[in-house]
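Please read the structure below before turning to the comments.
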Ligand SMILES: [Fe+2]
């Protein structure tokens with residue numbers, strides 16, 4: 001099954017600035033994603049994206065919502081249409097005349113799968129948060145105190161254990177860090193600091 005998108009431009013530049021309302025984005029998430037674990041993952045990644053935009057990119061609220069929306073909807077089609085993963089949500093957002101930067105970030109969140117390289121900082125951070133967020137969530141579930149006192153060292157230990165969250169690609173995490181020009185330690189630290197805020 002190939003998920004390659006075989007295209008490199010997404011949406012229409014005339015639609016820059018067009019976003020879904022928060023209510024519409026949440027409705028789409030809830031209609032398309034049945035699995036509560038996947039919904040939580042998407043909300044966690046959305047929160048990380050918004051927090052990063054606000055704290056590290058000095059983005060205003062409008063731009064923060066673009067980052068958040070990309071995170072919130074990046075896996076929207078994975079639950080019910082895995083063979084159309086990424087294609088279906090891209091089509092939906094193109095049909096709704098959504099900002100091409102949001103669509104592009106979603107299209108490039110797994111370059112090894114979709115064949116689209118992350119280019120902007122928003123693209124790169126979505127790629128970087130996606131896999132590592134899942135591993136850190138899995139780690140929080142096995143700790144008696146969840147995220148409390150979780151440290152970078154503990155996460156790195158889990159990363160080295162190949163059998164832990166075995167479906168999380170360590171290679172992609174390293175690739176994403178180098179593309180986003182951030183250290184693995186900083187990425188882990190940011191996720192530990194923010195992910196517990198989403199329930
Ligand atoms: Fe994801």
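The values are calculated or read from the model by the stated rules, or taken from the named source; none is laboratory data. Fair warning: this is a prediction, and the values are worked out from it, not measured in the lab. Don't worry about glycine lacking a Cβ; one is built from the backbone with ideal geometry, like all the others, and counts go over all protein chains shown.
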Filter the stretch 18-38 down to residues that are in contact with a helix residue (DSSP H, G or I) (Cβ under 7 Å, 6 or more places away or on another chain) and part of a loop (DSSP other than H, G, I, E, B), then give me how many there are.
3
Filtering the stretch 66-78 for residues that are within 11 Å of the ligand (Cβ to nearest atom) and in a loop (DSSP other than H, G, I, E, B) leaves a count of 4
Somewhere in the stretch 119-134, is a residue part of a loop (DSSP other than H, G, I, E, B), under 17 Å from the mean Cα position of the chain (by Cα) and either modelled with pLDDT of 95 or more or more than 16 Å from the ligand (Cβ to nearest atom) (or both)?
yes
Looking only at residues in the stretch 170-199 that are part of a loop (DSSP other than H, G, I, E, B) and modelled with pLDDT of 95 or more, which one is surrounded by the most Cβ atoms within 10 Å (Cβ to Cβ)?
182
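Yes/no per residue for (1) surrounded by fewer than 12 Cβ atoms within 10 Å (Cβ to Cβ); (2) free of Cβ contacts under 8 Å to residues at least 24 places away in the same chain; (3) more than 16 Å from the chain's Cα centre (by Cα):
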{"position": "19", "(1), (2), (3)": "no, no, yes"}
{"position": "23", "(1), (2), (3)": "yes, yes, yes"}
{"position": "32", "(1), (2), (3)": "no, no, yes"}
{"position": "52", "(1), (2), (3)": "no, no, no"}
{"position": "57", "(1), (2), (3)": "no, no, yes"}
{"position": "66", "(1), (2), (3)": "no, no, no"}
{"position": "70", "(1), (2), (3)": "no, no, no"}
{"position": "96", "(1), (2), (3)": "no, no, yes"}
